[in-house]
1. Within 10 Å of each Cβ of B:304-314, how many other protein chain Cβ atoms are there on average?
2. For region A:66-133, report the % of Cα-Cα distances exceeding 20 Å.
3. Ignoring ligands and nucleic acids, what accessible area does residue A:202 show with a 1.4 Å probe (Å², nearest 10)?
4. Run the dipole for region B:76-219 about the Cα centre, Lys and Arg Cβ at +1, Asp and Glu Cβ at -1, nothing else charged, and hand back the magnitude in debye, nearest 20.
5. Other chains' Cβ within 10 Å of B:148-154 residues: what's the mean?
6. Translational diffusion coefficient of region A:270-354 at 4 °C, 1.567 mPa s, Stokes-Einstein with Kirkwood Rh over Cα pairs, in µm²/s as a whole number.
7. Could you look at region A:142-191 and say what percent of its accessible area is carbon and sulfur, using a 1.4 Å probe and all protein chains?
8. Sort A:196, B:81 from largest to smallest accessible area, using a 1.4 Å probe on the heavy atoms of the protein chains.
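The values are calculated or read from the model by the stated rules, or taken from the named source; none is laboratory data. Just so we're clear, the structure is a prediction, and the values are computed from it rather than from any experiment. Heads up, the Cβs are rebuilt from the backbone with ideal geometry, glycines too, and the neighbour counts pull from every protein chain shown. Accessible surface areas use protein heavy atoms only, side chains included; no ligands, DNA or RNA. Shrake-Rupley method; radii C 1.70, N 1.55, O 1.52, S 1.80 Å.
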Amino acid sequence: MSTVSDAEVRSEVREWLAANWDPDMSLLEWRIKLADSGWGMPQWPKEWYGRGLSHALARVVEEEFANVGAVRAANSGVRLLAAATLLEHGSDQQKKKFLRRILTGEDTWCQFFSEPGSGSDLAGATTRADLKGDFWIVNGQKVWTTSAHHADHGLLLARTDWDAPKHEGLSYFVINLKQPGVDVQPLKQMNGHASFNQVFFTDAKVPKENLVGRVGEGWKVAMTTLAHERRGADGLPAPSKRGTRVGKIHAEERAETEKANQPYTWYPQRAGRVDLIIDRAKETGANKDPYIRQEIARLMTLAKSAEWTARRARAAQQQGRPQGPEGSLGKLAASHVARACSRVHTLITGTDAMLTGRESPREGIIAEILVSVPAVSIAGGTDEIQRNIIAERVLELPKEPRFDTGPFRNVRKN
Amino acid sequence: MSTSHQSTSASGRRIQFAFTDEQDQFRSAVRRFLNDKSPTTEVRRLMATAEGYDPAVWRQLSEDLALPGIHIPEQYGGAGFGMVELCIVTEELGRALLCAPYFSSAVLAANAILSAGTEMQKSALLPEIAKGARIATLAITEPDGNWDPAAIKVVATPDSDGYRLDGVKSFVVDGHVADLLVVAARAGKTTGLEGLALFTLDANAGGVERRLLESMDPTRKVARIDFRGAHANLLGSLDNGAEPILRTLDRAAIALANEMVGGAQALLDSAVNYAKLRVQFGRTIGSFQAIKHKLADMLLDLELAKSAAYYAAQAVAAGDPEWPALASLAKAAASETYLHTAAECIQIHGGIGFTWDNDTHLWFKRAKSSEVFLGQPSYHRELLMQRWGVER
């Protein structure tokens, strides 16, 4: 494996694409070829739908796919987090059963971690799984589940031992959503969108063989999922360059992408739309107001500084230097930027900020910013949790005393 | 090799987001020197003297480390590095709060001479400044404290062999110990940015009267200078004389922004260390979220200001034409961060933080003087908007 060169991989993938790529194929037909040849996920192990290539060589493959405009293996939503978790902790039987259909896009996945009673304190989950014969019986409620309404499988973190300490009583399962004990309800947010679901489990069944890792190791397995989630991104899939490509397969892929991205249409507004600020000020004449000019300059300074801080972190990483404090600050900085944007958009917009929908400036975008920004400082770790992380991991300050040790049964909960 | 940690400026050169290994080594050398030469006991000793610096330390800093000429081209006796290295020096000086005429001589005066001087003037004036043998400073602001060169009132009148200066300058950093003065003045009967130019004269020349002002920050001494027909030489030319003044102030703003984030880092370190030591209610105060979150916010604030200060310095080095706007951005950001960090550092120390014996006030005062030196944050935010082309 280590002897394969850049040029060899390039010529091999080129040859394979020349022989196999056809934009008039169906999306499924093509993705089956990708899964079975290993070219869809070249960095995965050879025995599991990959080719065992390094990340650098996988990028070569990616380039060649891009050169001919070939569609990649399915990669939207939670499916790759599921795959990464199964590759690391799953049994051979689980890998065989799930990985291929992840890559072909036949199965869609979602993640059941957060609960109404455990948000920041994820390990405080109280959804329970009890072993009865060959099945784990699941009861409880999960929340903030993207795409649950069209997912086939879920990654489930549930409590299997109430006498063990908090983190040691959890187990990790793959649960099939297409069963009577699973009730998926949309969760409508304050901005009117329903990007998430809440999911109720009433005696839902998980076959014994769908336990991932060992009983009581659920927290460790969940950490793998979360690590990949963090590495993954800021939520938004990379912009597609395939928008105008012709062929049956591209049309099918566009439909797939649109469905996958549907929950995220308001995400740019959630981040505050700093890109609109100067134009909007000129549009409304707010650029003449000395106070608003100050506030705009203050916001732009913050936004630019946050961007440069992220670039510093990336530069240090690329040079293989130990990560400095700048690497842990992005999430909190983004919160500040979003909040400041929301405030300055209001200053610029004035009384029109009372309006929403089409009555609101920019076809409702401004109103959507104002009612979406409060999500930023909560989603993916609240500002307060970020501050704890920064204080404890970067500044090495001591932890607060804990009150959740000992058997979980005795720990105070919601 | 990956280049995505850089961004291309309009000039086509890359803006770097990381220091090079050489720059890091240089920083370490400067820091070692300052750790040794500028403990707060020395800062306290020197700030109480009239001169405000230790000539022996200044000589070492000049001769052993070549710091005053770090950014001066080799042909004028300097070390031939650039804005990034100059800002590494000021960041470290700000961290150590060194009492020395560095900002006045190396940052303000040397940059003014580099920006405005003729080849002959640069060759004549810069080598002595680079060697630290002659201390120079720049006089721009007048008793009204306005940093906009358009407000300059000191008049330069041509005479037989040069010019005569009349008027008053104030807030002249190290003006009381400088050997050479670079003075911004205007031709009679001109207004605004028209008719401005820079002039040089010996600080001990006739018609020059210098008075040390009582300053809030005793580690940065400022003087008032009265000119009554003092004889001076034109630096460079009379054409477009405002340009070198503006660009000198912009470079100084970037150097100051870096000095300020250095000082803020020292304050944050001090606050974090104290929070780990101080015990109340049976726990170190650093274990309380009220304190942890405050410190986390201070760190974020500081890293953001650092990013702006570093980026502005890199933009000068890369020749990005946007750099004067970035100077204002960095100055405004660092000013507020420095003062806020100082105030919070006192807060975390509690009562002891308000005492004379605790060192925090040394940096607090530097933060306060730096906040308004070269223009307040609000002034620079307005400049930023104008420089970005957002019309009033």
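1. 5
2. 51 percent
3. 90 Å²
4. Around 140 debye, computed over region B:76-219.
5. 0
6. 93 µm²/s
7. Answer for region A:142-191: carbon and sulfur cover 53 percent of the accessible area.
8. B:81, A:196
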